[in-house]
Amino acid sequence: MNTSRQERPQVLYAFGLSLVFVLIDWMVFTLLVEPLYRWLPIEPAWLCNAVHLLLLSLVGTLLGCLAFGAVGSRLRLVPWGYSFFPVYVVICILFVWLELEGEIRMLALQLVCLYTLSPTIVGMAVSWAVYFWLRRRKSANR
């Protein structure tokens, strides 16, 4: 019972951290999408989108993973923060589905999926991998 009470604030901290991660990803995408397109033009367009989104998501995630240094012994907060991303994707999809109609709905769904799935997958994969690596390294040093 006592551990449950200790977990609640950590989930709230992780939620707050997830909002910081969303802002980091938004800033990375906003600032780097145009320069990356000019610096690294790729054909066909689908491959260009895939590579650019992967690179932008990786940059955002690596910046977000700097939070591992700030959370101290509560390393779980970072991957838990990224674990909120699928919830945000579902909320965005539901909002678009319920509020828009016709061709605008389909275009908005494509944009939501285009710009949210990559940060979600990369963020969760990298943050959990770094978490397990840090935890193993920490236990090996004891």
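Here, each number is a calculation from the coordinates, and none is a lab measurement. For clarity, every value in this text was computed on a predicted model and none was experimentally measured. Here the Cβ is made from the backbone with ideal geometry for all residues, glycine too, and neighbour counts use every protein chain on show.
Structure summary
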{"read-out": "In degrees, nearest ten, helix 45-64 long axis to first principal axis of the chain (Cα)", "value": "30"}
{"read-out": "Residue-by-residue Karplus 3J(HN,Hα) for segment 106-111, coefficients 6.51, -1.76, 1.60, Hz, glycine and proline x", "value": "5, 5, 5, 4, 5, 5"}
{"read-out": "Top positive-direction residue, dipole computed over the chain with Cβ charges, set 112, 71, 36", "value": "71"}
